[in-house]
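Written below as structure tokens is the structure these notes are about.
The values are calculated or read from the model by the stated rules, or taken from the named source; none is laboratory data. Because the structure is a prediction, the values reported are computed rather than measured. Glycine also receives a Cβ, built like all others from the backbone with ideal geometry; neighbour counts cover every protein chain displayed. Quick note on the areas: whole protein, heavy atoms, side chains included, nothing else; ligands and nucleic acids left out. Shrake-Rupley method; radii C 1.70, N 1.55, O 1.52, S 1.80 Å.
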Amino acid sequence: TQLLEQSPQFLSIQEGENLTVYCNSSSVFSSLQWYRQEPGEGPVLLVTVVTGGEVKKLKRLTFQFGDARKDSSLHITAAQPGDTGLYLCAGANAGGTSYGKLTFGQGTILTVHP
Amino acid sequence: DAMVIQNPRYQVTQFGKPVTLSCSQTLNHNVMYWYQQKSSQAPKLLFHYYDKDFNNEADTPDNFQSRRPNTSFCFLDIRSPGLGDAAMYLCATRGTGAYEQYFGPGTRLTVT
């Protein structure tokens, strides 16, 4: 069974601060997705990373996939109240009947105070 | 815009009264998923369809059933809801060969 350990579970910061969320596993994933979910809504896909060492940027968000494709991080620069939400990492694998099935991390609840 | 739609957004049912949640998609994706999510936890996969092939998760209770009459629509039936079934139910889709799943806005189920 593959597991993704996501940390921290809770993060409460002031507007303008930087933060990093981590996802770690002992297993290799073919791809890793990051989602943001606001209260009462479904998760929204932020990014997919598939290549070891890959770095993707989305405005103030930087996503990195580890060289061995076992871990990933999300860094937010100058956080804003609009960044508040539940952040989920999810790994997926290719092959067989489990193709594309997501293994989720536990989630990080981020609160950015004005 | 192509999207995943869930109806209703909020559903209240009584203990033991069957309820059906619906999902539709305009993405023309082959794979559709149903998840259960409880307060600020990660979504838990209940089952998924690859085209018409149904795949049940081992720990999904028999109380939960699903139907996919065509590519666009998928239904979640809860035969006898218990208080523990109160949750957000999420539908998601994925295209063949892709990794990304696209989620609908969810249905919040309350059991009284």
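Overview of values
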{"item": "Estimated inter-spin distance, A:Ser27 and B:Arg9, nm [label 7 Å along Cα→Cβ]", "result": "3.5 nm"}
{"item": "Rounded percent of accessible protein surface that carbon and sulfur make up, the protein assembly as shown, 1.4 Å probe", "result": "50 percent"}
{"item": "Inter-chain shielding of B:41-48 (mean C-beta neighbours from other protein chains, 10 Å cut-off)", "result": "5"}
{"item": "For the pair A and B, total buried accessible area rounded to nearest 100 Å², probe 1.4 Å", "result": "1800 Å²"}
{"item": "Note, ³J(HN,Hα) from phi for segment A:78-93, Karplus 6.51, -1.76, 1.60, rounded to Hz, x at Gly and Pro", "result": "6, 4, 10, x, x, 7, 4, x, 9, 9, 10, 9, 8, x, 9, 10"}
{"item": "Solvent exposure of the protein assembly as shown as accessible area per residue, Å², 1.4 Å probe", "result": "47 Å²"}
{"item": "Computed label-point distance, nm, for sites A:Asp67 and A:Leu45 using a 7 Å Cα→Cβ extension", "result": "2.9 nm"}
{"item": "Estimated vicinal HN-Hα couplings, Hz - segment A:27-39 in sequence order (Karplus 6.51, -1.76, 1.60; Gly, Pro = x)", "result": "9, 8, 10, 6, 8, 9, 10, 10, 10, 10, 10, 9, x"}
{"item": "Residue of B:Ser40, B:Ser22, B:Ser66 that the Gaussian network model of chain B assigns the largest fluctuation, springs spanning Cα pairs under 10 Å", "result": "B:Ser40"}
{"item": "Test item: B:92-100 mean partner chain Cβ contacts at 10 Å", "result": "5"}
{"item": "Extension gain from B:Ala58 to B:Ser22, taking 0.36 nm per residue of separation minus the Cα-Cα distance", "result": "10.7 nm"}
{"item": "Per-pair calculated FRET efficiency, R0 = 25 Å: A:Gln9 and B:Arg108 via Cβ, rounded to 0.05", "result": "0.65"}
{"item": "Partner chain coverage, peptide A:43-56 - average Cβ within 10 angstrom", "result": "2"}
